1. For residues that are open to solvent by 50 Å² or more (accessible area, probe 1.4 Å) and among the hydrophobic types (A, V, I, L, M, F, W, C), tally how many sit in segment 154-169.
2. Going residue by residue through segment 175-183, is there one that turns out to be of a type outside the set (Ser, Thr, Tyr), touching a Phe, Trp or Tyr at 6+ places or on another chain (Cβ under 6 Å) and either open to solvent by less than 60 Å² (accessible area, probe 1.4 Å) or at pLDDT 90 or above (or both)?
3. Could you tell me which numbered condition LYS68 fails, if it satisfies all but one of (1) touching a helix residue (DSSP H, G or I) at 6+ places or on another chain (Cβ under 9 Å); (2) over 30 Å from THR177 (Cβ atoms)?
4. LYS105 fails exactly one of the following numbered conditions: (1) basic (Lys, Arg); (2) in contact (Cβ under 8 Å) with a residue 40 or more places away in the chain; (3) surrounded by fewer than 13 Cβ atoms within 10 Å (Cβ to Cβ). What is the number of that condition?
5. Every residue in segment 118-133 that is under 15 Å from ARG36 (Cα atoms), open to solvent by 90 Å² or more (accessible area, probe 1.4 Å) and within 11 Å of the chain's Cα centre (by Cα), please.
6. Suppose we filter segment 144-174 for residues that are under 22 Å from LYS40 (Cα atoms) and either touching a Phe, Trp or Tyr at 6+ places or on another chain (Cβ under 8 Å) or not in a loop (DSSP other than H, G, I, E, B) (or both); how many remain?
7. Among helices (runs of 4 or more DSSP H) lying entirely in segment 1-82, which contain 1 or more residues that are closer than 30 Å to LYS129 by Cα and at pLDDT 85 or above?
8. Condition first: in contact (Cβ under 8 Å) with a residue 60 or more places away in the chain and of a type outside the set (Val, Ile, Thr). Can you find one or more residues in segment 116-128 that meet it?
Amino acid sequence: MLNKLKTFPVLLALLACFNVQSADRIGTVDLEKVFREYHKSRAVEEFINRRADAVRAYMKQMSEQLKKLQSEMYRLGTDASNPALNAADLAKAKKAAADAEAKVKAKTAEIQLYSTQITREIRELENKKRQEIMADINAEVRRRANIRGFNFIIDRSGKTLNGQPALLVFPNDRDITAEVIRELNRSAAKPKQEKK
């Protein structure tokens, strides 16, 4: 309840900073919904999910290789500690165990490096695509605000600290969410209709 009370004065102060006059028109938009329903957002999400699936498959393959190397290392380590071997065979076994241990360390380092790099690559891709999508959305919001004669557009998808909407009451006729989504998705590829 306290956060709701804090939010209203903050919005009033924000609007006062802009010297809002009675002639100024204020509109709303649900940016979260626009982002979620924009066809480019869904396409990027599908692409990133496919990329993540490929990464998981490759990580699983490398993990299986590591398990085989570890199994071989343990077997060779057991051989290297066999007291029944003569000195020459024992030296060969110890050398083979050390080589196997080096392979395990190299594979572990390879997995860690790949994981770090691919995580950074996917995060950078997500950020880049998010910025591109938000640029499209912001341009359409501005265009729609000009068409409707709004001086201000408030994002109504924001939440307060207690999870409640920051903007509690707004006139539905001032909301441009559906219009923005419709215009953004107008350029989406339309499915081909079969000829009868």
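1. Of the residues in segment 154-169, 3 are open to solvent by 50 Å² or more (accessible area, probe 1.4 Å) and among the hydrophobic types (A, V, I, L, M, F, W, C).
2. Initially, segment 175-183 is screened for residues of a type outside the set (Ser, Thr, Tyr), giving 175-176, 178-183.
Going one step further and asking which of them are touching a Phe, Trp or Tyr at 6+ places or on another chain (Cβ under 6 Å), we end up with none.
Within segment 175-183, none of the residues are of a type outside the set (Ser, Thr, Tyr), touching a Phe, Trp or Tyr at 6+ places or on another chain (Cβ under 6 Å) and either open to solvent by less than 60 Å² (accessible area, probe 1.4 Å) or at pLDDT 90 or above (or both).
3. (1)
4. (2)
5. ARG130
6. Selection size over segment 144-174: 4.
7. Once the helices (runs of 4 or more DSSP H) in segment 1-82 are filtered for at least 1 residues that are closer than 30 Å to LYS129 by Cα and at pLDDT 85 or above, what remains is 31-37, 39-80.
8. Yes, segment 116-128 has at least one match.
The values are calculated or read from the model by the stated rules, or taken from the named source; none is laboratory data. Because the structure is a prediction, the values reported are computed rather than measured. Positions of Cβ are generated from backbone atoms using ideal geometry, with glycine treated the same way; all protein chains shown enter the neighbour counts. Heavy atoms of the whole protein, side chains included, go into the accessibility calculation; ligands, DNA and RNA do not. Shrake-Rupley method; radii C 1.70, N 1.55, O 1.52, S 1.80 Å.
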